[in-house]
Amino acid sequence: MNHDETESGLKVVDAFDLDDELRSLLKPGEMLRDEQGRRHRLPRYFYEIPSHEIALATRLTPHFALNEFVLNDLRETARLQQWPRYIPCAVRILAFYLEQFRGAAGASVHIAVNGGYRSPSHKLSQDASLHMWGTAVDIYRIGSTILKSKESIEKYNEIAEDVSDEIHVLPYGHDVDKNADDHVHLDLGYITLVPREISDDRMEQPQEHRPRFAFEERRRKERRAAVAAAENE
Ligand SMILES: [Zn+2]
């Protein structure tokens, strides 16, 4: 594997440009309430993942492939299990923090099926779950430890909180919405990422004109090649 594989060559799409069905499932820009009644706006910019092979091959960080964040079972709606699939761009920030967490934990971190991104149409999606923002993961196993005990969950929660103040965990407990008793849940809050290619003009007038667009692949390799070519002239 070479270094370029950590650089995403994925297309960024504005979910307002997707077809009606996808828009109705991904709900870009819609407001949802959390359990406290605070409103949060759902993400609008997504990576488009063309195939399972590419999901497996695309490493967001050295130890986390994109595939791990999009593993879903039949509780995700059928259309969103077809390729291409979509995941909020903020997943890259999540992967960065997970990589730090893995280093601190000193063992491999296994994201569960349904443990990464869950669309607003997923059957487990309630209120404004951070999993809909692509900024949360559920981890059921670290190294060889299955996270079922209070002791193991609290141990890794503490390690995660020590990695960064940005990381939020759910305390051990049995209230499904507020606690976790068979996994470690990590999240970064309601982060939405607006890729640098996006103009704020587009942010302000999305619905009036909707040209289909998706950014060309940006590969570090190609950029480097261009720089090298220029230097050789
Ligand atoms: Zn969770």
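The values are calculated or read from the model by the stated rules, or taken from the named source; none is laboratory data. Model, not experiment: these values are computed from the prediction. Reconstructed Cβ throughout: ideal geometry from the backbone, glycine too, with neighbour counts over all protein chains shown. Surface accessibility is based on the protein's heavy atoms, side chains included, excluding ligands, DNA and RNA. Shrake-Rupley method; radii C 1.70, N 1.55, O 1.52, S 1.80 Å.
Measuring how big segment 64-130 is from its alpha-carbon positions, Rg and Dmax come out at 12.7, 37 Å.
In loop segments of segment 31-74 as defined by DSSP, the GluC sites (Glu not before Pro) with at most 14 further C-beta atoms inside 10 Å of their C-beta are Glu35. Gyration tensor analysis over the Cα atoms of the chain returns equivalent ellipsoid semi-axes of 30, 24, 16 Å (largest first, whole Å).
Across segment 124-131, rounded Karplus estimates of 3J(HN,Hα) from the backbone phi angles (6.51 cos²θ - 1.76 cosθ + 1.60, θ = phi - 60°) give 8, 6, 10, 6, 9, 5, 5, 4 Hz, Gly and Pro being marked x.
Per-residue Karplus couplings for segment 64-76, computed as 6.51 cos²θ - 1.76 cosθ + 1.60 with θ equal to phi - 60°, are listed in order as 10, 8, 4, 3, 5, 8, 10, 6, 10, 9, 6, 6, 7 Hz, Gly and Pro entered as x. Principal axis extents of the C-alpha atoms in segment 148-205 (largest first, rounded to whole Å): 50, 24, 14.
I need to check one value: relative contact order of segment 136-199, counting alpha carbon pairs closer than 8 Å and at least 6 residues apart, in percent. Value for segment 136-199: 37 percent.
Pairs of Lys residues in the chain are counted when their Cα atoms are under 28 angstrom apart and they lie 8 or more places apart or on different chains; the count is 11. Averaging the sequence gap over all C-alpha pairs within less than 8 Å and six or more residues apart, then dividing by the number of residues, gives segment 70-148 a relative contact order of 36 percent. Relative contact order for the chain: 22 percent, from Cα pairs under 8 Å spaced at least 6 residues apart, divided by residue count.
Which percent of the accessible area of the chain is formed by carbon and sulfur heavy atoms (probe 1.4 angstrom)? Summing carbon and sulfur atoms, their accessible area is 48 percent of the total for the chain. Annotation: extensible slack from Val194 through Asp175 equals 3.5 nm (criterion: 0.36 nm per residue apart, minus Cα-Cα distance). The base-10 log of I(q)/I(0) for segment 6-80, evaluated at q = 0.16 Å⁻¹, reads -0.74 [Debye formula, identical scatterers on Cα atoms, solvent excluded]. All C-alpha to C-alpha distances of segment 21-140, sorted into 5 Å bins beginning at zero, yield P(r) values of 2, 12, 22, 25, 19, 12, 6, 2, 0 percent in whole numbers. How large is log10 of I(q)/I(0) for segment 74-169 at q = 0.12, 0.16, 0.23, 0.25 Å⁻¹ when the intensity is taken from the Debye formula with one equal scatterer per alpha-carbon? Treating every Cα as an identical point scatterer, log10 I(q)/I(0) equals -0.41, -0.72, -1.25, -1.35.
Its Cα centre serving as origin, segment 17-122 has a Cβ charge dipole (Lys and Arg +1, Asp and Glu -1) of approximately 360 debye. Heavy-atom accessible area for Arg39, with the other protein chains in place and a 1.4 Å probe, reaches approximately 130 Å². Here the sum of -39500 (n - 2.57) over DSSP H runs of 4 or more residues, divided by the residues of the chain, equals -7500 deg cm²/dmol at 222 nm, to the nearest 500. In this rough spin-label picture, where each label sits 7 Å from Cα along the Cβ direction, the Ala230-Val113 distance is 4.8 nm.
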